[in-house]
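Participant: Can you read through this structure? Questions will come right after.
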Amino acid sequence: MQLIQFDDFGDPSQLHLAEKPQPRADAENAVVRVEAASVNPSDAKNVAGRMSQTTLPRVPGRDYSGVVVEGPDEWIGQEVWGTGGDVGFTRDGTHAEYVVVPRASLVRKPSTLSHEEAGSVGVTFVTAWCGLIEYAALGKNETVAVIGSTGGVGSAVVQLAKRIGARVFAIDLPRPSGDGQPAGAADVLLDSEDPNLASTLRSFNNRRGADVVFNTAGGRMFDVGVRLLAHRGRQVEITAPTERRVSLDLVDFYHNESQLIGVDTLKRDLTAAARILEKLKPGFEDGSYRPPVITKTMPLNDARQAYELVGRGARGRVVLKPSLRDRTTSALHRAYV
C-alpha cells in the first residue's frame with residue numbers, strides 16, 4: 001500500500017511517499033481502506049515537531065472516512081468514519097491507503113455525507129462537542145459568543161449551539177456575505193475588531209454578557225473573551241497559535257465568578273472520539289449540521305503541497321484521497337519512489 005511518512009521533524013519537505021505491505025486485522029483491530037482523510041492544522045504542527053508525544057517514524061493524519069476490509073464479519077464492507085488524538089501521533093495515521101483502527105472505534109458514517117465530507121469532520125466537530133457540550137455544558141436558551149465563528153471549529157460550534165436552542169453571537173472579521181457562514185446561522189454577527197465589543201454584545205443581549213465564550217483564536221482574543229462573559233460565564237480555550245501567555249484582572253475574574261476551560265482533543269483516542277461521532281451522527285443525518293467546505297482534494301503524492309496549503313492557513317478543508325492517482329509525477333513522488 002502507499003502511505004505518507006516522515007522520519008524527522010521539519011517543514012512539509014520531510015513528508016515522503018512510501019510503500020508497505022497492507023496491514024492485517026487481529027483480535028483487537030480492524031483494517032479500513034481510506035477513501036478520504038483531511039489535513040488538519042494539528043497534522044502540520046505534528047510534522048513540524050510541535051507535538052511532544054509523537055514517535056518517529058510516523059504516518060500522519062487524524063481524520064478519515066473509508067470502508068472496513070478486514071475485521072468482524074458484521075463490519076466488512078461498512079462505510080465508517082473516525083478521528084482520534086492517538087492516530088498520527090503514537091500510532092500510524094490516516095494519510096495512507098489503509099489504516100488499522102481498534103474494533104471498538106468503528107462507527108458507521110452518516111449516509112448523508114460523502115467520504116470526502118465525512119473525512120473532514122472529525123477534529124473540528126469533536127473539538128466543538130468537547131468544549132461546548134461536555135465541558136461548558138451549554139444549555140437551551142443560554143447565549144454563546146463564538147470567537148472565530150467562520151473557521152472550522154467555530155462553524156461547528158455555531159451549528160451545535162443552534163441545534164441545542166442557544167442564542168449565538170458570531171464574532172469574526174467582516175467577510176463578504178455568505179463566506180464561511182454555516183447552516184443554522186448565528187443570531188447576531190459582530191466584528192472582532194470592534195473596540196467596544198463587550199458593550200456592543202450586551203446591547204443585543206439585554207445588557208448581559210454571554211454565558212459561554214468559545215475562543216478559537218487563542219491568546220490575542222483571551223482578554224476580550226473574558227470581558228464578554230456574563231456572571232458565572234464560562235470561557236473555552238482550544239489553541240494558542242501565537243501568544244502562549246495571557247493576563248487578566250484576577251479581581252474582576254473572581255468577582256464575576258467566571259470559569260476558564262481548556263480543551264485538548266489529543267486526549268481522546270480513536271475509541272473515545274468514536275463515542276462523540278456517534279452522538280454527532282444524528283445531526284448530520286437530519287440536516288442540522290453541515291460538514292466543512294472542502295476547498296481542495298488531492299492524491300497522496302501531493303501531500304507536501306496539501307500540508308503547505310494548510311500551514312499557510314487555507315480556508316476550508318484540504319482532503320487527501322488515496323484512490324486518486326496523479327498522472328503527472330509530483331516532486332514528492334520523484335524524490336522518494
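Participant: Within region 285-296, can one find any residue that is in contact (Cβ under 8 Å) with a residue 24 or more places away in the chain, closer than 21 Å to residue 117 by Cβ and part of a helix (DSSP H, G or I)?
Facilitator: yes
Participant: Right, next: (1) in contact with a helix residue (DSSP H, G or I) (Cβ under 9 Å, 6 or more places away or on another chain); (2) surrounded by fewer than 19 Cβ atoms within 10 Å (Cβ to Cβ); (3) of a type in the set (A, V, I, L, M, F, W, C): which one isn't true of residue 128, the others all being true?
Facilitator: All conditions pass for residue 128, except number (2).
Participant: Evaluate the following for residue 275: is it farther than 28 Å from residue 185 by Cβ, buried (at least 18 other Cβ atoms within 10 Å of the Cβ) and either aliphatic (A, V, I, L, M) or within 20 Å of the chain's Cα centre (by Cα) (or both)?
Facilitator: The answer is no for residue 275.
Participant: Just one of (1) over 20 Å from residue 130 (Cα atoms); (2) assigned to a loop (DSSP other than H, G, I, E, B) trips up residue 200, so point out which.
Facilitator: (2)
Participant: Condition (residue is β-branched (Val, Ile, Thr) and under 14 Å from the mean Cα position of the chain (by Cα)) applied to region 287-303: is it met by at least one residue?
Facilitator: There is at least one residue in region 287-303 that is β-branched (Val, Ile, Thr) and under 14 Å from the mean Cα position of the chain (by Cα).
Participant: Turning to a different aspect of this structure: List the pairs whose first member sits in region 239-260 and is over 13 Å from residue 227 (Cβ atoms), whose second member is basic (Lys, Arg) and outside any loop (DSSP other than H, G, I, E, B), and whose Cβ atoms are under 7 Å apart, counting only residues at least 6 apart or on separate chains?
Facilitator: Matching pairs, first to second residue: 242/220; 243/220; 257/232; 259/234.
Participant: What is the residue count in region 164-188 for residues that are modelled with pLDDT of 70 or more, within 17 Å of residue 152 (Cα to Cα) and hydrophobic (A, V, I, L, M, F, W, C)?
Facilitator: Count: 7.
Participant: For residue 264, state whether it is within 15 Å of residue 94 (Cβ to Cβ) and not basic (Lys, Arg).
Facilitator: It is false that residue 264 is within 15 Å of residue 94 (Cβ to Cβ) and not basic (Lys, Arg).
Participant: Related question: With the checklist (1) buried (at least 20 other Cβ atoms within 10 Å of the Cβ); (2) in the same structural domain as residue 204 (by TED's automatic domain parsing) in hand, flag the one item residue 105 doesn't pass.
Facilitator: Looking at each condition in turn, residue 105 falls short on (2).
Participant: Look at residue 280 and say whether it is in contact with a Pro (Cβ under 9 Å, 6 or more places away or on another chain) and in contact (Cβ under 8 Å) with a residue 24 or more places away in the chain.
Facilitator: Yes.
Participant: Does any residue of region 147-155 turn out to be over 30 Å from residue 67 (Cα atoms), among the hydrophobic types (A, V, I, L, M, F, W, C) and at pLDDT 95 or above?
Facilitator: So far as region 147-155 goes, yes, one or more of its residues are over 30 Å from residue 67 (Cα atoms), among the hydrophobic types (A, V, I, L, M, F, W, C) and at pLDDT 95 or above.
Participant: In region 218-242, which residues are of a type in the set (Asp, Glu) and at pLDDT below 95?
Facilitator: Hit for region 218-242 is 223, nothing else.
Participant: Same structure, new question: Checking the structure you have, find out if any residue of region 217-238 is free of Cβ contacts under 8 Å to residues at least 24 places away in the same chain, surrounded by fewer than 18 Cβ atoms within 10 Å (Cβ to Cβ) and touching a helix residue (DSSP H, G or I) at 6+ places or on another chain (Cβ under 8 Å).
Facilitator: There is no residue in region 217-238 that is free of Cβ contacts under 8 Å to residues at least 24 places away in the same chain, surrounded by fewer than 18 Cβ atoms within 10 Å (Cβ to Cβ) and touching a helix residue (DSSP H, G or I) at 6+ places or on another chain (Cβ under 8 Å).
Participant: Considering 61, 66, 93, which residue is out of contact with any Gly (no Cβ under 7 Å at 6 or more places or on another chain) and either surrounded by 20 or more Cβ atoms within 10 Å (Cβ to Cβ) or touching a residue at least 24 places away in the same chain (Cβ under 8 Å) (or both)?
Facilitator: Sole residue among the options that is out of contact with any Gly (no Cβ under 7 Å at 6 or more places or on another chain) and either surrounded by 20 or more Cβ atoms within 10 Å (Cβ to Cβ) or touching a residue at least 24 places away in the same chain (Cβ under 8 Å) (or both): 66.
Participant: Only one residue in 190, 248 is part of a strand (DSSP E or B), over 16 Å from residue 131 (Cα atoms) and in contact with a helix residue (DSSP H, G or I) (Cβ under 8 Å, 6 or more places away or on another chain). Which one?
Facilitator: Only one candidate qualifies: 190.
Participant: Of all residues being part of a helix (DSSP H, G or I) and surrounded by fewer than 19 Cβ atoms within 10 Å (Cβ to Cβ) in region 306-332, which is modelled with the highest pLDDT? Just the residue, please.
Facilitator: Restricting to residues being part of a helix (DSSP H, G or I) and surrounded by fewer than 19 Cβ atoms within 10 Å (Cβ to Cβ), the top hit is 308.
Participant: I'd like the residue in region 5-35 that is small (Gly, Ala, Ser) and assigned to a strand (DSSP E or B) and, out of all such residues, is surrounded by the fewest Cβ atoms within 10 Å (Cβ to Cβ).
Facilitator: 18
The values are calculated or read from the model by the stated rules, or taken from the named source; none is laboratory data. Because the structure is a prediction, the values reported are computed rather than measured. A quick note on method: Cβ atoms are made from the backbone with ideal geometry, for glycine too, and the neighbour counts reach across all protein chains shown.
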